[in-house]
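The values are calculated or read from the model by the stated rules, or taken from the named source; none is laboratory data. Keep in mind the model is a prediction, meaning the values are calculated, not measured. Cβ placement follows ideal geometry from the backbone for every residue including glycine, while neighbour counts extend to all protein chains displayed.
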């Protein structure tokens, strides 16, 4: 038996007219269902005209017949599933994310999985917690994991002049068959690495607390990079770089260059105190006097402008090494740290050499092909 709408009262008719003139598509369709059924339309025909299912049309008519306008008035949604974790859990998650993890975590900053375990351990009623739930809790609090940034410009008043001298000496070394340019720099490493990233409020200025490193936990890497062959000459020193370590590294480096038959090298480095000290400069002058008498490799020193790391190709390699090798990891011994740094450092140097070779090949002109005439 076909279902039809009952007689509509004047008050109900006024409400249906208002629904048909409104912007709510759900109310508009339900009002149209009742009006078309009132004029004698069957449910399948109404469903075709209004792009509804026939069962939906029948439900609207039946609900109106039994309950009136209130039965077919759209009700507000429940809002979905209630939150799985309380505000107390979110507070603990935010507090832990802003702190350093314990030493047994083996990291300098929290990971999402580590935070999930720590949060679950703080509540008796939580057995396990997913890292995705932690991420959502922190996102609601506007706590994100990002890197501290700062801008750096050179304050050297003679920046342009010193950069031109570097470019001139670099071009001379690259064009000479018996000479080369060598980039020399040092970087400090510690078992307790610097924290460059942390969990913090999205719009707040990121400040991270650094750990104090004992001397037995620190080491310095001296690196010399051949500009032509892209080969790296490395040497480790205990503690911070100083003049004595710099002189010992230069002695070993010049012996290596003399054995390779080089007439001169252009040594490019920054204005670190152990580079400009009297001990280092005195050794360079004495070495050049001996080199002239004993036919050794001459040493031409080129100092970069003050605070200009973008002119030193070793700086990004050191940065990549600290980011990838350390990356929040805590090494048990300094020897393990040194082995990991050396392995990754040579890997990055090889990648830089490969990119340079590809760029050189790409820059070469393509030879013109001779046209062949076919008889």
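Taking the range 240-254, which residues are under 24 Å from residue 348 (Cβ atoms) and either at pLDDT below 90 or out of contact with any strand residue (DSSP E or B) (no Cβ under 7 Å at 6 or more places or on another chain) (or both)?
Of everything in the range 240-254, those that are under 24 Å from residue 348 (Cβ atoms) and either at pLDDT below 90 or out of contact with any strand residue (DSSP E or B) (no Cβ under 7 Å at 6 or more places or on another chain) (or both) turn out to be 240, 241, 246, 250.
So, of the residues in the range 23-34 that are surrounded by fewer than 18 Cβ atoms within 10 Å (Cβ to Cβ) and without any contact (Cβ under 8 Å) to a residue 40 or more places away in the chain, which turns out to be nearest to residue 2 (Cα to Cα)?
28
Among residues belonging to the range 5-23 that are outside any helix (DSSP H, G or I) and at pLDDT 90 or above, point out the one that is nearest to residue 60 (Cα to Cα).
Of everything passing the filter in the range 5-23, 5 is nearest to residue 60 (Cα to Cα).
Inside the range 312-328, can you point out the residues that are assigned to a helix (DSSP H, G or I) and touching a strand residue (DSSP E or B) at 6+ places or on another chain (Cβ under 6 Å)?
Listed by number, the residues that qualify are 314, 318.
List pairs: first in the range 249-271 and surrounded by fewer than 14 Cβ atoms within 10 Å (Cβ to Cβ), second in a helix (DSSP H, G or I), Cβ under 9 Å, 6+ apart or cross-chain?
251/283; 251/287
Return the total of residues in the range 305-321 being under 24 Å from residue 346 (Cβ atoms) and surrounded by 18 or more Cβ atoms within 10 Å (Cβ to Cβ).
Matching residues across the range 305-321 total 5.
Among the residues of the range 151-158, are any within 30 Å of residue 111 (Cα to Cα), within 28 Å of the chain's Cα centre (by Cα), at pLDDT below 90 and surrounded by fewer than 19 Cβ atoms within 10 Å (Cβ to Cβ)?
Yes, that holds for at least one residue.
Return the pairs, sorted by first residue and then second, in which the second residue is modelled with pLDDT under 85 and part of a helix (DSSP H, G or I), the first residue lies in the range 334-348 and is more than 23 Å from residue 313 (Cβ to Cβ), the beta carbons are less than 7 Å apart, and the residues are 6+ apart or on different chains.
So the pair list comes out as 334/217.
Could you tell me how many of the residues in the range 41-74 are at positive phi and at pLDDT 90 or above?
Total satisfying the criteria: 1.
Any idea which of 345, 331 is closer than 20 Å to residue 191 by Cα, in the same structural domain as residue 232 (by TED's automatic domain parsing) and either in contact with a strand residue (DSSP E or B) (Cβ under 9 Å, 6 or more places away or on another chain) or part of a helix (DSSP H, G or I) (or both)?
Step by step, each of 345, 331 is checked, and only 345 is closer than 20 Å to residue 191 by Cα, in the same structural domain as residue 232 (by TED's automatic domain parsing) and either in contact with a strand residue (DSSP E or B) (Cβ under 9 Å, 6 or more places away or on another chain) or part of a helix (DSSP H, G or I) (or both).
Just name the residue that is modelled with the highest pLDDT out of those in the range 211-239 that are farther than 21 Å from residue 170 by Cβ and in a loop (DSSP other than H, G, I, E, B).
Result: 239.
For residue 29, work out the one condition from (1) under 14 Å from residue 69 (Cβ atoms); (2) assigned to a helix (DSSP H, G or I) it doesn't fulfil.
(1)
Got at least one residue in the range 222-238 being surrounded by fewer than 17 Cβ atoms within 10 Å (Cβ to Cβ), closer than 24 Å to residue 336 by Cα and either over 30 Å from the mean Cα position of the chain (by Cα) or not assigned by TED's automatic domain parsing to the domain that holds residue 183 (or both)?
Checked against the condition, which is being surrounded by fewer than 17 Cβ atoms within 10 Å (Cβ to Cβ), closer than 24 Å to residue 336 by Cα and either over 30 Å from the mean Cα position of the chain (by Cα) or not assigned by TED's automatic domain parsing to the domain that holds residue 183 (or both), the range 222-238 yields at least one hit.
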